[in-house]
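The values are calculated or read from the model by the stated rules, or taken from the named source; none is laboratory data. Everything numeric here is computed off the predicted structure, so don't read it as measured data. Methodologically, a virtual Cβ is constructed for each residue, glycine included, from the backbone with ideal geometry; neighbour enumeration extends over all protein chains shown. In case anyone asks, the SASA skips ligands and DNA or RNA and just uses the protein heavy atoms, side chains included. Shrake-Rupley method; radii C 1.70, N 1.55, O 1.52, S 1.80 Å.
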Amino acid sequence: MSTVTQPDSVAAPLTAYRAAVVHEFGAPLSVEMVPAGQLTAGQVRVKVEATGLCHTDIHAAHGDWPVKPAPPFVPGHEGVGIVVELGPGVTEVAVGERVAMPWLGYACGTCDHCVSGWETLCEQQKNMGYSFDGTFGEYATAYARYVVRVPEGVDPLDAAPLTCAGVTTYKAVKVAGTRSSDLVAVFGVGGLGHLAIQYAAIAGGRVIVVDIHESKLDLARELGAEFTINAAEEDPIAAIQELGGAHQAIALAVAPRAFEQAYGSLRRGGTLVFVALPADNDVTLPIFQTVLNAITVVGSIVGTRAELREVFALHAAGRTTVIRETRSLEQVNEAIADLEAGRVAARVVFEP
Ligand SMILES: [Zn+2]
Ligand SMILES: [Zn+2]
């Protein structure tokens with residue numbers, strides 16, 4: 001005879017959770033209880049295991065960019081966790097699955113961009129931790145169609161930085177068009193740069209890294225950079241031109257000067273990829289040399305869900321290394337100060 005066991009207690013619906021909140025641009029974030037809210041059609045609730053700190057979160061908290069989020073809001077778009085609740089109509093994921101919640105939190109699915117595999121350009125897109133509350137909390141709400149499953153064997157603490165820093169640099173290397181034996185110059189080592197080095201090498205490139213911190217150049221060499229240049233000590237343009245000039249340069253440092261140096265480091269026919277988003281929005285590039293040298297300048301914004309799957313697959317196969325340090329969410333303001341001062345080797349990951 002079978003017995004039916006009654007649970008001792010039925011879990012009460014989640015009404016509130018701890019999160020790091022921006023109340024005012026430029027002010028410290030406040031870790032406090034926020035209301036959980038009811039899920040609407042297509043949404044899922046995720047218990048956050050890990051969430052990385054990206055420069056974009058700092059720009060959001062400072063209101064640095066032309067399009068600003070509306071305080072109060074919860075930043076965070078490198079969230080990884082377990083689905084705990086499904087909103088009406090959700091069939092794409094199941095309770096108990098581990099998912100990543102990237103910057104592209106929602107897109108329309110039907111516009112020209114969406115149907116051609118460029119959902120990252122959708123004009124109806126909503127962004128995690130910017131246009132709706134993000135992952136700097138014990139829980140987060142996401143859209144089931146725009147989360148990406150994290151495969152078995154990928155540590156959630158690694159998956160978090162891969163969710164933005166990983167997919168963004170993976171895409172940037174794709175956009176750069178790196179092929180075997182190309183010289184690829186990566187400007188800026190940090191959360192993005194340390195992964196860009198690895199993706200450029202996986203694509204077959206020979207990697208040159210430019211930074212102003214010696215410790216970051218050491219890290220770059222460990223991760224496969226063949227040449228490193230300290231831009232505080234020598235002119236990176238001259239140094240890279242001496243190597244023959246870069247086929248591709250990837251601008252990841254949040255300083256317009258680094259973009260100009262990246263441009264100057266190219267060989268004829270080279271490609272400059274803009275990725276970082278400095279608060280100072282202006283860069284000066286020469287028209288004459290761009291035309292005569294047939295230079296390509298291209299912007300690259302995050303990556304698609306398909307590309308994030310590829311990023312996870314590479315990591316599951318042991319092809320990439322994520323450099324990260326973990327902190328509690330309570331340390332969010334210290335972590336931001338450390339990142340801004342260049343005291344973080346690569347990525348801070350919070351464990352809410
Ligand atoms: Zn990011
Ligand atoms: Zn769309």
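Give V95, V99 a once-over and let me know the one that is part of a loop (DSSP other than H, G, I, E, B) and either more than 11 Å from ligand 2 (Cβ to nearest atom) or in contact with a helix residue (DSSP H, G or I) (Cβ under 6 Å, 6 or more places away or on another chain) (or both).
It is V95.
Scan region 30-76 for residues that are of a type in the set (V, I, T), touching a Phe, Trp or Tyr at 6+ places or on another chain (Cβ under 9 Å) and within 16 Å of ligand 1 (Cβ to nearest atom) and report the count.
Residues meeting the conditions: 5.
Are there any strands (runs of 3 or more DSSP E) wholly within region 251-346 with 2 or more residues that are more than 15 Å from the chain's Cα centre (by Cα) and closer than 18 Å to I197 by Cα, and if so which?
Once the strands (runs of 3 or more DSSP E) in region 251-346 are filtered for at least 2 residues that are more than 15 Å from the chain's Cα centre (by Cα) and closer than 18 Å to I197 by Cα, what remains is 266-274.
In this structure, does C114 turn out to be away from ligand 1 (no atom under 16 Å from the Cβ), surrounded by fewer than 24 Cβ atoms within 10 Å (Cβ to Cβ) and outside any loop (DSSP other than H, G, I, E, B)?
yes
So the check is Cβ under 7 Å with 6+ separation or different chains; which pairs have a first residue in region 171-185 that's under 21 Å from F312 (Cα atoms) and a second one that's of a type in the set (D, E, K, R)?
Between residues of region 171-185 that are under 21 Å from F312 (Cα atoms) and residues that are of a type in the set (D, E, K, R), the close pairs are K171/E307.
Can you name the number of the only condition in (1) in contact (Cβ under 8 Å) with a residue 12 or more places away in the chain; (2) over 21 Å from the mean Cα position of the chain (by Cα) that A27 fails?
For A27, the failing item is (1).
If a residue has to be closer than 13 Å to G166 by Cβ and without any contact (Cβ under 8 Å) to a residue 40 or more places away in the chain to count, how many in region 186-202 make the cut?
Number satisfying all stated conditions: 1.
Condition first: out of contact with any strand residue (DSSP E or B) (no Cβ under 8 Å at 6 or more places or on another chain), over 18 Å from Y263 (Cβ atoms) and surrounded by 15 or more Cβ atoms within 10 Å (Cβ to Cβ). Now tell me which residues in region 219-237 satisfy that.
L219, L223 - these are the residues of region 219-237 that are out of contact with any strand residue (DSSP E or B) (no Cβ under 8 Å at 6 or more places or on another chain), over 18 Å from Y263 (Cβ atoms) and surrounded by 15 or more Cβ atoms within 10 Å (Cβ to Cβ).
If you go through region 121-163, how many residues are within 16 Å of ligand 1 (Cβ to nearest atom), open to solvent by 10 Å² or more (accessible area, probe 1.4 Å) and within 26 Å of A253 (Cα to Cα)?
6
From the set of residues in region 92-105 that are more than 16 Å from ligand 1 (Cβ to nearest atom) and within 20 Å of the chain's Cα centre (by Cα), which is most open to solvent (accessible area, probe 1.4 Å)?
R98
Output the qualifying pairs, or none if there are none: Cβ atoms under 9 angstrom, residues six or more apart or on different chains, first residue in region 118-140 and at positive phi, second residue surrounded by fewer than 19 Cβ atoms within 10 Å (Cβ to Cβ) and not in a loop (DSSP other than H, G, I, E, B).
That search, which allows pairs on different chains as well, returns nothing.
Which count do you get for residues in region 164-206 that are more than 16 Å from ligand 1 (Cβ to nearest atom), in a loop (DSSP other than H, G, I, E, B) and not aliphatic (A, V, I, L, M)?
Result for region 164-206: 8.
So that you can scan it fast, the table gives a plain yes or no per residue for (1) within 16 Å of ligand 2 (Cβ to nearest atom); (2) in contact with a strand residue (DSSP E or B) (Cβ under 6 Å, 6 or more places away or on another chain); (3) open to solvent by 50 Å² or more (accessible area, probe 1.4 Å); (4) small (G, A, S):
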{"position": "A239", "(1), (2), (3), (4)": "no, yes, no, yes"}
{"position": "G245", "(1), (2), (3), (4)": "no, yes, no, yes"}
{"position": "A251", "(1), (2), (3), (4)": "no, yes, no, yes"}
{"position": "R268", "(1), (2), (3), (4)": "no, no, yes, no"}
{"position": "L272", "(1), (2), (3), (4)": "no, yes, no, no"}
{"position": "P278", "(1), (2), (3), (4)": "no, no, no, no"}
{"position": "V291", "(1), (2), (3), (4)": "no, no, yes, no"}
{"position": "V298", "(1), (2), (3), (4)": "no, yes, no, no"}
{"position": "T304", "(1), (2), (3), (4)": "yes, no, no, no"}
